[in-house]
Amino acid sequence: MVYESIPRTVRILLLGEPGVGKTSLILSLVTEEFTEHVPPKAEEITIPADVTPEQVPTNIIDVCLAEQTLEQVGEEIERAHVICIVFSVDRQETLNKIASYWLPFVRENCPDDYRKPVILVGNKIDLIDYSVIDNIWDIAEEYPEVDRCIECSAKSLINVSEMFYNAQKAVLHPINPIYSIEEQE
Ligand code: GTP
């Protein structure tokens, strides 16, 4: 097993099916308001250390399959420290694709002996009045790299900063022993 060191910056990548709200989540975090019309892909965002709870500079990277090849997305996975796979809680097929497509795709683009932490993100909870988190435990059991699951809404600004904070924590305070505590230069 290769031990990765704790990085000095955290690189968070958002993946998931088209239309699940990846860009909206990033823009809601940054502007603290929901915009109905967002670009297909957000520019890479750097959050300075002093405004993050963990005091670590954080880069957030959006993915848009309409604008990027799968090879480019694979390269972003290689560069990321943590991957948020977003689904839309009102579209079951976007949740199904997590186990059937996205988690295997992430593994393919990680070294065999080092799995990057993954956060599963159910977005658009403003559209339903029940929780879908119970449908996710089976996936988390099959893929131990799933660090945690969170439900949120880019529209209602529910759990948006918590989602990014959890992603930071998964890198800086890993639950699974996939990191050493050494600091990287
Ligand atoms: P791609 O660029 O195609 O990959 O999509 P994306 O995952 O970046 O989704 P995007 O942010 O473009 O959002 C898709 C649609 O969902 C837009 O119409 C958003 O306004 C809407 N949307 C995003 N988040 C929410 C949410 O929390 N609740 C609701 N009701 N709608 C949302």
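Quick note: the coordinates plus some simple rules give every number you see, no bench work behind them. As the structure is a prediction and not an experimental result, all values here were calculated from the model. Note that we place each Cβ from the backbone using ideal geometry, even for glycine, and neighbour counts take in every protein chain shown.
What the table shows:
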quantity: Verdict on Asp62 being loosely packed, with under 15 Cβ neighbours inside 10 Å and out of contact with any Gly (no Cβ under 8 Å at 6 or more places or on another chain); calculated: no
quantity: Helices (runs of 4 or more DSSP H) within the range 78-172 that include 3 or more residues crowded, with 23+ Cβ neighbours inside 10 Å and within 16 Å of the ligand (Cβ to nearest atom); calculated: 160-172
quantity: Matching residues in the range 1-38 - criterion: being surrounded by 12 or more Cβ atoms within 10 Å (Cβ to Cβ), more than 8 Å from the ligand (Cβ to nearest atom) and more than 20 Å from Ile158 (Cβ to Cβ); calculated: Tyr3, Glu4, Ser5, Ile6, Pro7, Thr9, Val10, Arg11, Leu13, Leu15
